[in-house]
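Asks: Would you mind keeping the following structure in view while I ask a few things?
The values are calculated or read from the model by the stated rules, or taken from the named source; none is laboratory data. Remember, predicted model here, so these are calculated numbers, not experimental data. Heads up, the Cβs are rebuilt from the backbone with ideal geometry, glycines too, and the neighbour counts pull from every protein chain shown.
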Amino acid sequence: MNAFAEKLSFEFDFDFTFDEEIDTSSMIKLLNFRVENDSGQHMETMVQMFRILQKYMGIKLFVCYNLSVFFTLEELREQSEAVQTADLKILNIESRFFSGVEKEKVTYIDNDLCEIVDNGN
């Protein structure tokens, strides 16, 4: 990798610097890292990817949108258990009413975005 950076520095008419060490997050992005999924279990793959990103990139919160559109209630229940076991933090924002999964905190916000109603979990 360093040899490639040095070669680039000779080919261009401007000066630039580069780090000798590559941090993990840059390497993951550079290599277009993906978790292989031969089983078709997309929820499991998503949780695995979140665990990898949490461990190697230090991401503390994952924000998802409308998971109930893509996954069944049973898959969301399995995801909830896997997330709790792995100590992941996920904020799922739904655009429609969704009763949620047991043990999850659910908050409803009205259409005017001014009234917040908590279900007490």
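Asks: Tell me yes or no: at least one residue of the range 64-72 is surrounded by fewer than 17 Cβ atoms within 10 Å (Cβ to Cβ) and part of a helix (DSSP H, G or I).
Replies: yes
Asks: Given the residues GLU75, GLU104, GLU44, GLU94, which is the only one that is of a type outside the set (A, V, I, L, M, F, W, C), modelled with pLDDT of 85 or more and surrounded by 14 or more Cβ atoms within 10 Å (Cβ to Cβ)?
Replies: GLU75
Asks: Can you tell me which residue in the range 107-117 is farthest from ALA82 (Cα to Cα), limited to those that are at pLDDT 60 or above and charged (D, E, K, R)?
Replies: Of everything passing the filter in the range 107-117, ASP112 is farthest from ALA82 (Cα to Cα).
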